[in-house]
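Asks: The structure is given below, and queries will be raised subsequently.
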Amino acid sequence: MSVPPTPSKDFIRELIDEDLSSGKHDGTVTRFPPEPNGYLHIGHAKSICLNFGIAEEYGGRCHLRFDDTNPTKEDVEYVDSIKEDIKWLGFDWGDHIYFASDYFEKLHEWAIHLIEEGKAYVDDQNAEEIRKGRGDLQNPGVDSPYRDRLVEENIDLFRRMKEGEFGDGEKVLRARIDMAHPNLNMRDPVIYRIVHAEHHRTGDTWCIYPMYDFTHGQSDALEYITHSLCTLEFENHRPLYDWFLDNLPVPSRPRQIEFGRLNLNYTVMSKRKLLQLVDEGMVSGWDDPRMPTISGIRRRGYPAEAIREFCKTIGITKFKGTNDISLLESAVRDVLNRDANRYMAVLNPIKLVITNYPEDKEEEFDAVINPEQPELGTRKVPFSRELYIERDDFMEDPPKKFFRLAPGKEVRFRSAYFIRCDEVVKDDDGNIVELRCTYDPETRGGQNPPDGRKVKATIHWVSAKHAVDAEVRVYDRLFANESPDSGEGNFLDHLNQDSLAVLENAKLEPNLAGLETETTVQFERLGYFCVDSDSEEDKLVFNRTVPLRDSWAKAQKKN
């Protein structure tokens with residue numbers, strides 16, 4: 001018997017294998033370091049799956065560390081949401097939760113160490129002057145006029161910065177490296193700035209805060225991180241990451257490795273732009289089901305397993321790229337097709353009366369709960385004289401290949417009877433308000449009648465007497481442009497004006513009442529739908545997760 005080939009590992013896992021086999025490390029410690037200045041999006045999910053996944057595979061651990069070095073943009077709300085999102089995705093940091101603010105004292109101590117070594121100085125230039133003095137890729141930078149201050153003066157000024165003597169932006173502390181370095185990040189980067197703002201953990205203890213580049217590597221070293229996995233935009237920062245480790249008495253030596261971030265078409269991944277969508281009311285909030293945030297896709301009904309499988313499918317590479325959102329939706333369908341229970345719902349109802357069905361009669365039919373899980377058995381669905389069907393399932397004057405209900409035509413009601421339309425009732429304006437039909441009692445359960453006649457369509461229905469009222473929100477892609485960031489004008493110009501349709505008069509089978517929030521089900525023939533948190537006892541709210549098929553791609557081809 002042939003042995004299936006071992007799946008090839010990505011380059012990060014290959015590097016980890018080399019470090020372990022060479023004895024450089026005897027274990028693996030990774031970290032996920034979000035800044036608590038917004039909600040996580042699906043791009044972060046790739047990093048979460050990678051860092052926590054590697055820790056699980058290698059029997060190591062993954063730290064959750066909040067990069068809380070910017071008090072003006074951070075909030076406890078974001079800290080809580082990030083923790084919730086990670087746990088929902090299926091990962092746990094155990095006891096290893098940390099904050100960059102845990103290390104403020106040590107980072108301050110190390111900043112003084114650099115000053116004492118002549119490798120940092122206090123600069124009085126403002127941000128614009130520093131930017132201009134840095135030069136560009138064609139021209140070297142220009143030394144700050146304060147670059148050669150004496151160590152004692154720098155120590156004194158840095159102390160006075162810490163004590164709050166100066167205003168925001170009045171002075172900064174810069175690393176003294178090389179103003180002619182070909183990498184602009186090495187041209188005397190700012191490592192501390194003055195910010196008089198309340199910090200969500202340290203209050204007003206500090207008015208100077210370390211920059212990310214000065215914080216990240218040292219935090220990794222303090223936590224004995226072995227492999228610091230970052231997205232490609234940090235590749236040019238790696239020399240600075242290493243420079244700090246080389247010039248500070250750090251207790252360990254982590255290795256930074258970069259990989260391509262997760263980008264999706266038909267959306268934006270910038271936290272700043274996502275915040276703009278929220279602030280300008282383009283969406284209902286960070287958890288709007290159209291948003292690419294983890295809380296948004298969770299509210300839309302995407303299963304955590306589908307997100308993990310999607311991240312596994314697209315893999316880890318060293319290259320920039322954009323993934324097709326259809327791949328994500330396909331992963332969602334794969335999981336929901338297996339796990340979502342089936343129900344009947346009518347989103348755009350038209351009443352249908354079975355004239356030859358007794359007025360006082362009611363009966364129940366057995367309908368399969370989930371064909372992918374036959375062990376779940378069947379559910380009871382009530383049936384009565386008056387029913388609802390989808391308005392799109394009827395046409396008064398149908399084209400040749402329309403096989404659903406029409407005057408004189410017969411269809412099968414799912415799990416029930418053959419039904420024939422005999423009469424169409426209209427209001428004074430000519431709108432169809434009711435269909436009058438007859439049923440064949442010999443076809444109970446949807447079986448073919450004794451005379452052997454067949455129908456070409458099976459449609460779903462809901463008993464009017466037993467129907468549960470619901471609001472259904474049909475979500476589509478937030479942007480109409482595949483690349484809203486690179487399209488003409490502002491990215492907001494490319495919003496999909498049809499990204500949300502609210503159907504307020506949906507009718508559901510009674511088995512759908514009482515489902516818990518975030519339960520995702522299949523509405524037969526219509527798609528997958530999730531119970532929204534806006535649901536109330538007397539009015540359910542469902543969000544469309546994805547249609548049964550990729551209707552968007554089909555529509556785009558037509559256009």
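The values are calculated or read from the model by the stated rules, or taken from the named source; none is laboratory data. Values in this document were obtained by computation on a predicted structure and should not be read as measured data. Note that we place each Cβ from the backbone using ideal geometry, even for glycine, and neighbour counts take in every protein chain shown.
Asks: V381 versus (1) under 37 Å from the mean Cα position of the chain (by Cα); (2) of a type in the set (A, V, I, L, M); (3) surrounded by fewer than 17 Cβ atoms within 10 Å (Cβ to Cβ): which is the lone unmet condition?
Replies: (3)
Asks: Moving on to the next point. Given the criterion modelled with pLDDT under 95 and aliphatic (A, V, I, L, M), identify the matching residue among A555, A506, A501.
Replies: One residue alone meets the criteria, A555.
Asks: Look through region 49-65, keep the residues that are touching a Lys or Arg at 6+ places or on another chain (Cβ under 9 Å) and among the hydrophobic types (A, V, I, L, M, F, W, C), and return whichever of them is surrounded by the most Cβ atoms within 10 Å (Cβ to Cβ).
Replies: C62
Asks: Related question: So, in region 163-196, exactly how many residues are surrounded by 16 or more Cβ atoms within 10 Å (Cβ to Cβ) and farther than 24 Å from L245 by Cβ?
Replies: Within region 163-196, residues that are surrounded by 16 or more Cβ atoms within 10 Å (Cβ to Cβ) and farther than 24 Å from L245 by Cβ number 4.
Asks: Can you tell me which residue among E84, E105, E56 is of a type outside the set (F, W, Y) and farther than 29 Å from G203 by Cβ?
Replies: E56
Asks: What are the pairs with Cβ atoms under 8 angstrom where one residue, in region 177-195, is touching a residue at least 40 places away in the same chain (Cβ under 8 Å) and assigned by TED's automatic domain parsing to the domain that holds D242 and the other, located anywhere, is hydroxyl-bearing (S, T, Y) and buried (at least 19 other Cβ atoms within 10 Å of the Cβ)? Sequence gap at least six, or different chains.
Replies: Going by the 8 Å Cβ cut-off, the qualifying pairs are D188/S144; Y192/Y209; V195/Y209.
Asks: Something else: Give the residues of region 407-420 that are free of Cβ contacts under 8 Å to residues at least 40 places away in the same chain, surrounded by fewer than 21 Cβ atoms within 10 Å (Cβ to Cβ) and either among the small types (G, A, S) or under 30 Å from R379 (Cβ atoms) (or both), sorted by residue number.
Replies: Selection gives G408, K409, R420.
Asks: Here is a further query. Do we have any residue at all in region 9-18 that's crowded, with 21+ Cβ neighbours inside 10 Å and modelled with pLDDT of 95 or more?
Replies: yes
Asks: Counting only residues that are over 21 Å from E482 (Cα atoms) and in a loop (DSSP other than H, G, I, E, B), how many does region 264-301 have?
Replies: 7
Asks: Might you check whether a residue that is touching a residue at least 40 places away in the same chain (Cβ under 8 Å) and more than 21 Å from C311 (Cα to Cα) occurs anywhere in region 5-24?
Replies: Scanning region 5-24, I find at least one residue that is touching a residue at least 40 places away in the same chain (Cβ under 8 Å) and more than 21 Å from C311 (Cα to Cα), so the answer is yes.
Asks: How many residues are assigned to a helix (DSSP H, G or I) and buried (at least 18 other Cβ atoms within 10 Å of the Cβ) if we restrict to region 67-82?
Replies: Number satisfying all stated conditions: 4.
Asks: Conditions first: (1) assigned to a strand (DSSP E or B); (2) assigned by TED's automatic domain parsing to the domain that holds R404. R453 passes all but one, so which condition is the exception?
Replies: (1)
Asks: Continuing with this model, one more query. When the residues of region 446-489 are filtered to those that are of a type in the set (D, E) and touching a residue at least 60 places away in the same chain (Cβ under 8 Å), which remaining residue is nearest to R412 (Cα to Cα)?
Replies: D469
Here's the yes/no breakdown for (1) modelled with pLDDT under 95; (2) more than 23 Å from L248 (Cβ to Cβ); (3) more than 39 Å from the chain's Cα centre (by Cα); (4) not polar (S, T, N, Q):
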| residue | (1), (2), (3), (4) |
| --- | --- |
| I86 | no, yes, no, yes |
| A100 | no, no, no, yes |
| A111 | no, no, no, yes |
| G118 | no, no, yes, yes |
| V142 | no, yes, yes, yes |
| E152 | no, no, yes, yes |
| D156 | no, no, yes, yes |
| E163 | no, yes, yes, yes |
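Asks: Continuing with this model, one more query. Could you please find all residues in region 470-502 being touching a Lys or Arg at 6+ places or on another chain (Cβ under 6 Å), closer than 29 Å to I389 by Cβ and either among the hydrophobic types (A, V, I, L, M, F, W, C) or in a strand (DSSP E or B) (or both)?
Replies: Answer for region 470-502, where residues must be touching a Lys or Arg at 6+ places or on another chain (Cβ under 6 Å), closer than 29 Å to I389 by Cβ and either among the hydrophobic types (A, V, I, L, M, F, W, C) or in a strand (DSSP E or B) (or both): V474, Y475, V502.
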